[in-house]
Every structure is written in C-alpha cells, then in structure tokens.
1. Residue check: is residue 141 more than 25 Å from residue 13 (Cα to Cα), at pLDDT below 75 and surrounded by fewer than 15 Cβ atoms within 10 Å (Cβ to Cβ)?
2. Please go through segment 13-49 and pick out each residue that is modelled with pLDDT under 75 and exposed (fewer than 14 other Cβ atoms within 10 Å of the Cβ).
3. For residue 115, indicate whether it is more than 16 Å from residue 41 (Cβ to Cβ), touching a helix residue (DSSP H, G or I) at 6+ places or on another chain (Cβ under 7 Å) and either surrounded by fewer than 21 Cβ atoms within 10 Å (Cβ to Cβ) or touching a residue at least 12 places away in the same chain (Cβ under 8 Å) (or both).
4. Restricting to segment 38-67, give me the number of residues that are in contact (Cβ under 8 Å) with a residue 24 or more places away in the chain, more than 21 Å from residue 186 (Cα to Cα) and not in a helix (DSSP H, G or I).
5. Give 57, 71 a once-over and let me know the one that is modelled with pLDDT of 90 or more and crowded, with 16+ Cβ neighbours inside 10 Å.
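The values are calculated or read from the model by the stated rules, or taken from the named source; none is laboratory data. The shown structure was predicted, so the numbers you read here are calculated from the model rather than taken from an experiment. All Cβ positions, glycine included, derive from the backbone under ideal geometry; neighbour counts span all protein chains shown.
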C-alpha cells in the first residue's frame, strides 16, 4: 500500500488512490474481516467504528456493508456481556466493580430507563466500551440488554452512513465537487456533534450522585 498520504502534499488523486488501495485490501480479506473487525473493535476500541462502517459500505455497498458491520458489532457487544456476566471470575468482577468510573456507570444503568441507554449508546463517540462492560456487571436482564444493543447499534450505524457515502462519492467521481462537499459537510457535522454529545453524556453520568 502506498502511504504517500503521510507526506505534506496530498492531492485528490492521491486520496482516491489511497481509498482504492484500502478498498482492495478490505475486500481481499473477505466477509469474515467485514464482520470480524467490527467485532474486535467492540472488544478493543482502537479504530473508530465510524471508519470501519465507512469502508464496509465502500467495499460491499450500503446494504451489505451495514449488515456486516451490524452483525460484527452486535456479536462483540453481546460477547462482552456474556463474558462479564457468566464467564469471568468473582475476583475479576470485583476488580472491575472497584473502579470508580464503573461504579458510576453501574449506578446510571440501574437507575435509568432502557430508552435512555439506547439514546446514549447510539451516539458514535459515547463511552460505549465502559457502558457495555458495566452492563454485564449490572442486574440487567439479558433480554433487555439484547434489545438495547440491537436498537442502539442499528441507529448508530445509520448515523455512520454519511462517511461511507463520502468515500463512495469521492471514489466514483475522482474529484471534489458539490456532492462530495455536501457529504463531507454532513459527516463533519455528525462527527463533531457526536463527540460533543458523547462528552456531555459521559460527564453527566460521571457527575451523577449514587
């Protein structure tokens, strides 16, 4: 893969070539990667799900890109819950519960309505990693957790679609035009709003009294 994008001067041609290289690499890994990478991201949030959704959409189209990402992220989220609830040792659970931020999340989870859980978890840059692990430690029923997960992830991935459309539009056109600028503006506004809302919700949870 050509990493010339890391240099100072970047043209639209460089960007489209880079997108083509990533798309080729992504599709060569197959469907297992399209599902597996979002699954791993849920367990170890190194790369944003936003970006993985975008490249899944670019590589497999809106429908299948959305479905593959949804399957991966939902499976990963449920795996976390099952591990924390049924597989992890008592000592491991106690270590997690002793963390001050986990105590805050547990209090929030057990004293608020599931509709609010969906609202927070559907925001792309909310503290989903900590909330997912905390839900496994809470008294929440598995059925309720699965419903929250399906609803919140479905909405979150819809919010991620504009970034995928930005890449598709740029890739197909090979230049920045009105359509590309429109999708890029929508994507930027969504990312900025998500970061702000995620930070606000996390602050409110952390400041909530037990």
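1. Against the criterion (more than 25 Å from residue 13 (Cα to Cα), at pLDDT below 75 and surrounded by fewer than 15 Cβ atoms within 10 Å (Cβ to Cβ)), residue 141 does not qualify.
2. Once the filter is applied, which keeps residues that are modelled with pLDDT under 75 and exposed (fewer than 14 other Cβ atoms within 10 Å of the Cβ), segment 13-49 yields only 13.
3. Working: more than 16 Å from residue 41 (Cβ to Cβ): yes; touching a helix residue (DSSP H, G or I) at 6+ places or on another chain (Cβ under 7 Å): no; either surrounded by fewer than 21 Cβ atoms within 10 Å (Cβ to Cβ) or touching a residue at least 12 places away in the same chain (Cβ under 8 Å) (or both): yes.
Answer is no for this residue.
4. Qualifying residue count, segment 38-67: 1.
5. Within the list 57, 71, the selection yields 71.
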